[in-house]
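In what follows, a single structure is set out as structure tokens and then discussed.
Read-outs throughout are calculated quantities, based only on the coordinates presented, and are distinct from any laboratory measurement. The model shown is predicted, which means the values in this text are computed figures rather than measured ones.
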Amino acid sequence: MKTVEHIIFEWINFILLVGGLFYIFKSPGREFLSGRREKIRLLISKARHHYDESRKKHLASKTKLEHIETDLASLKRSFEETGAYGRKATLERAQEAEDRINKETEFLIAQEQLRMRISLSRQALADAFEKARTTLVTGMSGDDQLNLLNESLKTLRKPHATRSPESKHRS
């Protein structure tokens with residue numbers, strides 16, 4: 001069994017050990033604890049800042065959600081108006097395109113009719129010329145044909161015969 005003296009020495013040893021350890025580790029412990037305290041303060045301030053920002057975002061989102069019904073209704077009206085305008089503009093462009101195509105078609109038809117008239121006129125003229133030639137050749141005697149040929153050659157050889165009456169007065 002332990003005696004009272006022995007117990008008192010153990011307590012004194014224990015107090016000296018704790019005192020010595022406290023003395024040795026007092027300044028490094030303070031530095032460690034003060035550094036740790038600063039880190040905790042910094043973390044708490046960051047947490048408060050993040051909390052405040054998230055609270056602001058939450059309030060802004062809540063406000064937006066409260067007004068989303070009216071915003072959606074106005075957006076829907078805007079789309080409907082834009083769509084109506086777009087349909088109107090599309091119809092106007094389609095009408096303009098139709099008018100342009102009609103004008104171009106009418107122009108092309110008129111051009112084709114003109115070409116056909118010219119072609120028919122040429123064909124009719126060629127047919128009439130051929131009939132006149134045939135009539136002249138078959139209805140004339142050889143002497144009449146020679147006389148007609150000679151008169152035509154004389155007219156072609158005369159330079160003044162091709163001049164207009166105004167050009168005769170100048171010379």
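Brief remarks follow.
- The range 86-92 - phi-based ³J(HN,Hα) in whole Hz, Karplus 6.51/-1.76/1.60, Gly and Pro as x: x, 5, 5, 5, 5, 5, 5
- When the Cα atoms of the range 4-155 are aligned to their principal axes, the ranges along those axes come out at 182, 43, 27 Å in descending order.
- Residue-wise HN-Hα coupling along the range 139-148, computed from phi with Karplus coefficients 6.51, -1.76, 1.60 (Hz; x: Gly, Pro): x, 10, 7, x, 5, 5, 5, 5, 4, 4
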